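Structure record follows, encoded as structure tokens.
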Amino acid sequence: MPVLEKDGAQIWRRHTLREKLVRWFGWLLGLLVFAICWQIISESTTWFFVWDAPRIANDIWTRATPPRWEYITQLGRPIWDTLNIATLGTIIALFLAVPVAFLAARNTTPSALFIRPVALLIIVSTRSINSLIWALLLIAIIGPGVFAGVIAIAIRSIGFCAKLLYEAIEEIDHTQVEAITATGASRWQVMAYGIVPQILPAFAGIAVFRWDINIRESTVLGLVGAGGIGLQLSSSLNVLAWPQVSLILLVILAAVVISEWVSAKVRGAII
């Protein structure tokens, strides 16, 4: 029953018959959708493997422990490549995302009819495709390696950074822009002194946040041949070297935790 506030007092009112029917119909519709989805999933699931999963998981855990610690000497270069993929991809994405964001923002775009839709299309198209898919396409075009991973991360990050940045541009304080415009400043001067200083904190936060995300994404790009520690993980999985796999997973976990700590410190310093 909804609660209404009247002069500081709570008044309870029963739902009308129509409201009750709508609520019951919503619940029944939700249950029906759930039942249909569960039936479709059940028909395409081999339940024997599901019930046998605990035994298989325990078997893999037994094989993977303890980790093969001496293998860590071969993970220095791959984890360094992973950090480079994330860092360089983020930097490239930021350079490309800034002009796209200014073209997409309503208050800075030169043409809301022609240019802004193109900028929004770039944002949507780069965000809608996962970095693994970009990596697969780029590997087919430029070949496997770290360079394909960098470009895949960069393309994937453009839409994310540009979207958050153009929203920050649209939310600026327009009184500062009007004050600078009143002095006779040019369009570029207004942008440099009235808009950019207001969005710099948001830009820094977006950059650090996206770099943190890219660390995670770059760890798995090697599974499709785009370099980094994921390549070592793929090789170890192919030969069922479970002690190496467990060590690689620990290294990936450590890298993600460190990047999260660095990201939190930097965001705290910015805020």
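Report, ordered by the first and then the second residue, all pairs with beta carbons closer than 6 Å, sequence separation of six or more or different chains, a first member in segment 243-271 that is in contact (Cβ under 8 Å) with a residue 12 or more places away in the chain, and a second member that is outside any helix (DSSP H, G or I) and open to solvent by less than 80 Å² (accessible area, probe 1.4 Å). That search, which allows pairs on different chains as well, returns 243/67; 246/67; 247/67; 251/75; 252/219. Filtered by the rule that a residue be part of a loop (DSSP other than H, G, I, E, B) and at pLDDT 85 or above, segment 68-105 gives a lone residue, 105. Is there a residue being closer than 26 Å to residue 151 by Cα, out of contact with any Gly (no Cβ under 7 Å at 6 or more places or on another chain) and outside any helix (DSSP H, G or I) anywhere in segment 217-228? Yes, that holds for at least one residue.
Scanning segment 170-214 for residues that are open to solvent by less than 30 Å² (accessible area, probe 1.4 Å), of a type in the set (Gly, Ala, Ser), over 21 Å from the mean Cα position of the chain (by Cα) and over 18 Å from residue 99 (Cβ atoms) gives a single hit, 185. Once segment 167-215 is narrowed to residues that are among the acidic types (Asp, Glu) and assigned to a helix (DSSP H, G or I), the residue that is modelled with the lowest pLDDT is 178. Taken over segment 61-90, the residue count meeting the criterion of being farther than 18 Å from residue 241 by Cβ and in contact with a Leu (Cβ under 7 Å, 6 or more places away or on another chain) is 1.
The values are calculated or read from the model by the stated rules, or taken from the named source; none is laboratory data. All values reported here derive from a predicted model rather than from experimental measurement. We place every Cβ from the backbone using ideal geometry, glycine too, and count neighbours over all the protein chains shown. To get the accessible areas, we keep the full protein, side chains included, count just its heavy atoms, and leave off ligands, DNA and RNA. Shrake-Rupley method; radii C 1.70, N 1.55, O 1.52, S 1.80 Å.
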